[in-house]
1. So if I check each of Gly416, Gly410, which one is more than 21 Å from the chain's Cα centre (by Cα) and at pLDDT 90 or above?
2. Could you list all residues from the stretch 544-587 that are in contact with a strand residue (DSSP E or B) (Cβ under 9 Å, 6 or more places away or on another chain) and open to solvent by 50 Å² or more (accessible area, probe 1.4 Å)?
3. Tell me, please, whether a residue that is of a type in the set (Phe, Trp, Tyr) and more than 30 Å from Leu123 (Cβ to Cβ) can be found in the stretch 31-46.
4. Answer yes or no: is there a residue in the stretch 546-569 that is under 16 Å from Val623 (Cβ atoms) and not aliphatic (A, V, I, L, M).
5. Could you go through the stretch 55-75 and let me know if any residue there is of a type in the set (Phe, Trp, Tyr) and either closer than 22 Å to Ile167 by Cα or without any contact (Cβ under 8 Å) to a residue 60 or more places away in the chain (or both).
6. Exactly one of these conditions fails for Arg298: (1) within 36 Å of the chain's Cα centre (by Cα); (2) modelled with pLDDT of 65 or more. Give me its number.
7. Kindly provide the set of residues from the stretch 621-630 that are surrounded by 16 or more Cβ atoms within 10 Å (Cβ to Cβ) and among the charged types (D, E, K, R), ordered by number.
8. Would you please list the contacts, defined by Cβ atoms under 9 Å and residues six or more apart or on different chains, that run from a residue in the stretch 456-484 that is at positive phi to a residue that is modelled with pLDDT of 85 or more and of a type in the set (Ser, Thr, Tyr)?
Amino acid sequence: MPYLPTPPSVKTILRSPILWLILINFIIGFFTFRDYGMSQDEVGINALGQISLRAYQTLTPPKPKLFSGYAYDLIYYGPFYAMMTVGITKFLSLIFPFVRAVNFWHLSYFLAFQFSVFLIFRLAQRWFSRWTAITIALLFSTQPLLWGHAFINPKDIPFMTFFLASIESGLFFIDRHWNKPAEKNPVEFGRQSLQKIKAAWVNTPHPEKRRLITVSWLGLGLIILLWLSLPFVNRWLGTFIGVLYQAKPPGWEFQLFHRIAEQPAKVPLEHYIAKTQRWIIYGYVLLTMSALMAIGWRWLGAFGGGTKSVLAEILHPIRNLPTLMADSSLWLAAIVLGLTTSIRVGGPYAGALVCGLAIWRGGKKGILPSLVYLLLAGLVTYLTWPALWGDPVTHFIQSALRASHFPWEGKLLFMGQYWRADSLPWTYLPILLAIQFTEPVILLSLIGLIWLAVEIAHHRQIELGFLILFWLMIPILGIIIKRPPLYDNFRQLLFLVPPIFLLMGFPLQWLSEKIKPLSLRYALSLALILPGILGYFQLHPYEYAYYNSLVGGISGANNSFETEYWKTSFRKAIEYLDQTAEPHSKVLIWGAAFLVKEYARPDLYIQSKKGNSYQKNSDYDYVIVSYRNDKDEHIFPTSPIIFSVQRQGVDFAVVKRIK
């Protein structure tokens with residue numbers, strides 16, 4: 001009978017500091033979750049969740065352009081947590097019908113954030129002591145930036161949480177199969193691998209070498225020629241399909257096209273051309289992969305002792321496939337990764353990190369479990385993302401392309417200048433990371449980064465180094481070099497934040513060894529989180545606009561960096577008018593009217609701006625304007641400001657009287 005660990009007693013659970021931390025957070029969240037205004041993306045994401053859930057009733061995928069009224073097509077967004085939010089909201093609304101639905105949306109995001117606090121604690125405990133892990137979790141949960149996003153961010157907070165869950169569940173799966181982390185020297189490991197390849201090449205007979213080189217060059221040449229022919233093939237197919245499309249009965253062209261095509265009289269020619277070209281791309285990719293696999297198989301056969309030897313190595317793990325499929329940790333890891341991908345298309349990167357660690361620990365034995373893990377995760381993504389049901393490969397690729405090159409056309413403020421999202425300086429992300437977390441986090445993580453480099457040089461903490469390198473350093477370096485479009489500071493990259501906190505484990509672990517009394521250690525923990533708590537009291541409920549003392553706080557960041565960019569402060573502005581405006585007043589929202597309609601008095605007439613001219617927007621009594629892009633100064637500049645939503649002297653939104 002397999003060994004089953006004894007479950008912890010109730011007394012042990014109650015003595016767990018992470019439990020108390022999350023409980024305290026929930027108490028604070030329960031008393032404050034109704035303070036937050038609606039953010040820019042929430043209505044659209046909620047619509048995505050509702051339409052995706054309805055797809056399960058008809059088993060029909062949602063169609064593109066279904067989400068009218070939004071600046072982008074939400075069909076390309078992963079819907080899983082949006083569906084969860086809809087479900088949580090419906091359930092809680094039955095129990096508390098007097099609470100606004102938007103407040104339950106906020107509570108559902110906050111629930112995800114608390115799970116991430118637990119997960120960062122679990123990850124930290126893998127490499128550091130319990131006190132170090134709980135201090136990391138404390139610092140993580142008391143960052144004003146993260147705490148503020150935890151109530152208003154329907155996409156990035158859930159994705160960060162599930163990305164963390166994918167890493168943790170993936171490591172749990174790896175631990176079940178390969179117990180001891182392999183503390184290998186990567187340089188020595190690479191040198192040994194190269195020596196094995198060199199020895200195999202030296203021992204290969206000369207005729208076999210000639211055949212290998214010939215086959216490789218021929219295969220690569222055919223692949224290059226294949227892709228060079230693609231534009232000509234597409235052009236010829238477009239012409240050919242046009243001839244078939246316009247053919248008249250009773251010719252063979254007409255008969256052929258009407259036998260293959262669906263509703264040819266109703267579907268435009270461009271649709272058939274695009275569909276054919278898409279299948280040509282699939283065919284080209286399949287031919288390319290087949291050629292590369294054939295070349296690789298040829299080399300493995302030469303270096304691995306012959307084709308039979310290679311085949312035996314591949315088939316041997318397959319015999320253990322039933323045992324692998326019965327492993328609950330595999331299913332847990334695959335389900336979590338699939339759900340992560342169903343939140344955002346960047347989810348497979350977490351799977352790549354897990355597979356890399358599995359192969360690092362298990363060598364060739366880690367390849368088959370990794371493939372099964374990825375295939376099962378793909379199935380979960382397909383089942384939980386209804387828009388994929390029609391054409392999963394094409395839709396997923398289109399979603400990935402839109403995510404990497406999102407057409408955001410606004411301007412953003414950085415270092416006192418306005419920039420386009422696709423032309424930011426390389427310093428954009430490093431500077432924001434340095435000024436939007438509290439000072440202890442910046443100092444401890446920088447020390448931790450240097451410490452980790454020393455540890456790796458001495459062949460220690462290799463596995464944690466692998467995670468930090470591929471989860472944090474390489475993505476940031478790639479963003480600095482490639483400079484993809486970014487906006488709203490770096491909220492889309494919140495999933496890269498957890499490794500920053502893991503870096504703090506090294507100096508914190510050293511402090512825990514120097515400070516023996518546990519009471520003094522926890523006193524130090526409280527001292528480290530004081531800047532975050534102070535930021536919370538100064539900015540609530542706009543904590544996500546936090547800046548540290550390196551730029552002089554929120555007042556120093558004003559007119560130099562983006563602050564309250566998601567317009568949640570519009571809620572306070574309309575609540576002021578609820579109390580002071582004359583009956584049936586007309587209120588112009590210079591932005592999206594849905595941000596305030598949930599909170600507006602029933603008799604007030606609420607309308608979004610029409611264009612950017614005052615002539616089209618002058619027939620109103622009041623206007624609510626955001627600070628963003630200096631709109632509070634430039635919109636109706638001669639109209640008096642009668643109310644402003646501000647923190648520490650910085651305006652987030654203003655109310656002006658037009659008439």
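1. Values: Gly410 fails: at pLDDT 90 or above.
On inspection, the qualifying residue turns out to be Gly416.
2. Answer for the stretch 544-587, where residues must be in contact with a strand residue (DSSP E or B) (Cβ under 9 Å, 6 or more places away or on another chain) and open to solvent by 50 Å² or more (accessible area, probe 1.4 Å): Ser555, Asn559, Lys572, Tyr576, Thr580, His584, Lys586.
3. As a first pass, look at the stretch 31-46 and keep what is of a type in the set (Phe, Trp, Tyr): 31, 33, 36.
With the extra rule that they be more than 30 Å from Leu123 (Cβ to Cβ), the set shrinks to none.
The answer is no, given that none of the residues of the stretch 31-46 is of a type in the set (Phe, Trp, Tyr) and more than 30 Å from Leu123 (Cβ to Cβ).
4. Taking the stretch 546-569 as the starting set, the residues that turn out to be under 16 Å from Val623 (Cβ atoms) are 567, 569.
Pick out the ones that are also not aliphatic (A, V, I, L, M) and you get 567, 569.
Scanning the stretch 546-569 turns up at least one residue that is under 16 Å from Val623 (Cβ atoms) and not aliphatic (A, V, I, L, M).
5. We begin by selecting, within the stretch 55-75, every residue of a type in the set (Phe, Trp, Tyr); these are 56, 67, 70, 72.
Then drop every residue that is not either closer than 22 Å to Ile167 by Cα or without any contact (Cβ under 8 Å) to a residue 60 or more places away in the chain (or both), which leaves 67, 70.
Yes; the residues of the stretch 55-75 include at least one that is of a type in the set (Phe, Trp, Tyr) and either closer than 22 Å to Ile167 by Cα or without any contact (Cβ under 8 Å) to a residue 60 or more places away in the chain (or both).
6. (1)
7. Asp621, Arg628
8. The qualifying pairs are Arg483/Ser423; Arg483/Tyr428.
The values are calculated or read from the model by the stated rules, or taken from the named source; none is laboratory data. In this text, all values refer to a predicted model and were calculated from it rather than measured experimentally. As a convention, Cβ positions derive from the backbone with ideal geometry for all residues, glycine included, and neighbour counts pool all protein chains shown. Surface accessibility is based on the protein's heavy atoms, side chains included, excluding ligands, DNA and RNA. Shrake-Rupley method; radii C 1.70, N 1.55, O 1.52, S 1.80 Å.
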